[in-house]
Amino acid sequence: MSFYYSLIKHILNNKQLRVIIFQHVTSIHRQLAVKTAKSKDLESLRDYIKYGRTDLFIKHFDRFHQLILMVDQQSKRYKKINNHIHLSFLKNNYIKRLYWVFDIVFEKNNHVAMKYLIDRLGITKKDFQSYRPHFTTSLYQFTTEMFYVLRDANFSTLVPSLQNAMINVLIKLGGCDQLESYLSKLYNPNPSSPSPSRHPFKNSFSSLLSNNNNKEEMIYTLQMIDIFKRYSINVIEDVLIGAVENNHLEMIKWIVENVPEKKLIEICLDLDIFRVLEEHGKKEVLEMLPIPENPPYGLGGSGKGNLDYMEYFLQISRRGHIRVIGLLVQNLAYGRLDAIELILSNYQEQLRQDQTFNDQLVIDNIDPKCFSVGLVTRLIDLGFKVPLFDSFLETVIQDNQLDTLIELDPPALKLPLRVQNFTRLLGYAIECNSLSSIDILLHHPRFQEFQDHTTTTTTTLTIDISCIKPQSVPTIEYLFSLSTIPVIKFNCDFSLSINYMAAVDYESVSKVIRLVYRPNIIDHCQLVGIFVLANDIEWLFDHNIITNETRSGLFGGSNHSIFTCILAIACRNGNYKALDFLFDNCLSIQVNDHLSLTSLARLPDDQQFERFWKKIVITDARTAVTVAHIIIRIILLPKEVCNPKRAKFIADIYGTFLLNPYHQINPIRGPSIMYLEDNHPFAHYPTLMEVFCSDQKVGWINSYSFADQLKIFQKAISFGYILPIPSF
């Protein structure tokens with residue numbers, strides 16, 4: 001165990017390893033939409049439930065409830081005084097303001113919060129349980145704990161859209177007596193699914209029948225079918241779906257014996273059931289059921305590679321090779337060569353006679369992630385000619401198998417590459433540290449065309465710096481040590497790094513350039529940008545690549561776009577040393593463009609944000625419009641942009657320049673009420689109120705009217721924000 005602790009300590013103490021690890025963690029969180037939150041960042045009842053802080057939800061609900069009652073009173077007062085003002089936005093019934101609370105509690109299955117709500121609101125509003133709101137909970141799956149809370153409160157029988165979720169819990173529990181009791185209490189015991197699926201209980205029966213060796217499950221299922229039948233609820237199709245998914249032969253046999261044949265044929269034509277048969281149907285199941293000879297919905301599920309279904313389909317299908325080609329293409333997309341061989345063994349001659357069929361039709365549908373030397377070998381054996389696109393070759397280079405692939409049957413392998421594809425592959429070989437792939441790309445006869453092109457013309461091999469990682473530095477040294485290589489240049493597209501399309505370790509890149517530097521190895525402005533982001537600018541001064549006389553014009557003219565990209569990357573990474581260099585060596589007009597100011601608004605650290613924004617000088621209308629736009633955008637899309645509280649700080653800076661008589665700047669106007677209602681349900685309303693609804697009127701802000709402030713306040717509490725009581 002001590003070995004692992006020391007290893008972890010070594011990793012955390014190594015800056016380069018830390019950067020790599022956190023880059024990957026950030027990337028994974030971004031792909032999975034994982035969001036983390038600290039207690040101090042949680043501002044609303046919605047946040048408390050979303051992040052599991054039920055204690056804070058209960059602690060602040062009373063305050064929230066007081067705000068709701070206050071809005072009720074103010075709404076009535078304003079409607080009496082201002083009959084001419086359109087206030088339909090203000091709802092009459094305060095319970096309607098709680099729809100979203102129940103919705104998020106149901107979504108997160110927070111049974112503790114639900115019990116608190118039922119008890120708390122039952123105390124304050126005696127007629128609450130007789131009220132029947134239409135909660136949008138049809139797609140949520142209740143836990144057993146949530147079921148018992150709702151059952152004990154007799155709450156779910158009053159709300160039709162909760163009934164399916166309650167019944168699903170009872171099916172999973174196998175509680176026949178409880179199911180009978182619950183259905184008997186329903187006002188209309190014939191629930192229907194409001195979701196696109198017409199089988200609201202299929203997942204529950206699939207769960208119940210998951211152990212097809214357990215006879216009790218069969219008994220429970222038959223008892224439930226009888227109970228549902230007494231209340232005119234047909235669940236045969238739901239049961240069949242669960243039985244097919246679990247290959248429950250006894251249950252399927254019972255359905256075949258007890259459902260009329262005409263009805264069973266109709267059931268097998270149902271889209272949901274047909275898809276389940278495609279994906280899960282075993283041979284013995286398919287032989288029991290009346291499967292249609294011509295599938296009514298295409299073959300969407302066949303791509304999952306259910307060989308039993310494919311073989312059965314090939315035997316009964318009368319439509320021949322047209323449908324088979326569809327199967328073939330779908331299964332290539334999933335990389336299922338076993339399924340492809342099954343299809344070709346039955347229809348290879350017919351496929352070759354079809355003029356619409358060709359190798360390219362098949363190859364174009366292969367997912368590059370499925371590509372491998374084994375796949376190519378099997379395709380060649382099946383008679384295909386395989387074009388080796390760069391996306392395919394990348395996978396082989398990653399597996400360090402390019403030498404094996406390139407020696408396969410040459411007539412069956414085509415190389416439809418261009419020079420830019422070739423250089424991309426070379427960069428990928430560098431990134432993967434595949435020395436054998438580099439040797440093959442530069443010397444193997446199969447790539448002779450590209451080798452000749454770069455040695456006999458003025459064309460240089462341009463490699464993107466995104467391939468340079470700490471572990472690939474020795475590979476770069478090896479490449480430049482070869483005596484027969486063509487002229488190589490590096491290229492850095494900073495715009496890709498802004499959009500997370502290419503994660504670049506600028507420190508490693510600067511180290512590589514130091515090792516292999518020569519004039520014109522990279523564009524001068526790109527070179528400066530790399531060393532600025534690597535915090536290694538002194539090396540350029542030491543080697544007279546830039547001087548004190550030339551530093552002020554580094555990013556002028558046509559290089560302005562590179563400057564804005566570098567500044568954006570520095571802001572995103574919190575590289576404040578690089579930002580200091582950029583601010584010290586640029587004109588204010590370069591910082592004041594839209595992209596640069598937007599990037600500065602997203603600085604990770606609040607103190608650094610304030611430090612750099614104090615350096616901004618707003619002297620023209622164009623910059624003022626940009627700053628006003630940023631303030632509004634921060635308020636309307638706080639999660640996407642940055643800390644919403646920064647909007648107030650920027651607005652105050654804006655005000656210092658508006659007060660200067662030499663600056664022609666207009667006051668900031670907030671977004672229209674209609675715009676807020678229709679398009680921005682996730683605006684940060686506390687900040688909106690702080691900036692545009694303040695009691696202290698200032699000259700640089702156009703405040704909302706009292707009626708609009710009331711609407712905004714109601715909108716804020718409708719999302720659960722705990723606000724101070726306003727003066728109105």
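Observations on the structure shown:
For every residue, the table says whether it meets (1) at pLDDT below 90; (2) surrounded by fewer than 20 Cβ atoms within 10 Å (Cβ to Cβ); (3) farther than 30 Å from residue 643 by Cβ.
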| site | (1), (2), (3) |
| --- | --- |
| 493 | yes, yes, no |
| 515 | yes, yes, yes |
| 520 | yes, yes, yes |
| 541 | no, yes, yes |
| 551 | yes, yes, yes |
| 561 | yes, yes, no |
| 575 | no, no, no |
| 578 | no, no, no |
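- So residue 298, is it closer than 30 Å to residue 251 by Cα, at pLDDT below 70 and assigned to a helix (DSSP H, G or I): no
- Apart from one condition, residue 120 fits all of (1) surrounded by fewer than 17 Cβ atoms within 10 Å (Cβ to Cβ); (2) in a helix (DSSP H, G or I); (3) of a type in the set (D, E, K, R); (4) modelled with pLDDT under 80; the exception is (4).
- Segments classed as helices (runs of 4 or more DSSP H), wholly inside segment 553-628, with at least 1 members that are under 28 Å from the mean Cα position of the chain (by Cα) and under 22 Å from residue 652 (Cβ atoms): 560-573, 594-600, 606-613
- Against the test of being aliphatic (A, V, I, L, M) and farther than 24 Å from residue 163 by Cα, the options 241, 227, 291 yield a single qualifying residue, 291.
- Enumeration of residues in segment 528-544 that are of a type in the set (A, V, I, L, M, F, W, C) and touching a helix residue (DSSP H, G or I) at 6+ places or on another chain (Cβ under 7 Å): 528, 530, 531, 532, 533, 534, 537, 539, 540
- Residues (touching a residue at least 40 places away in the same chain (Cβ under 8 Å) and assigned to a helix (DSSP H, G or I)) located in segment 238-288: 241, 242, 244, 251, 272, 285
The values are calculated or read from the model by the stated rules, or taken from the named source; none is laboratory data. Just so you know, these numbers come straight off a predicted model, no measurement behind them. Note that each Cβ is placed from the backbone with ideal geometry, even for glycine, and that neighbours are counted across all protein chains shown.
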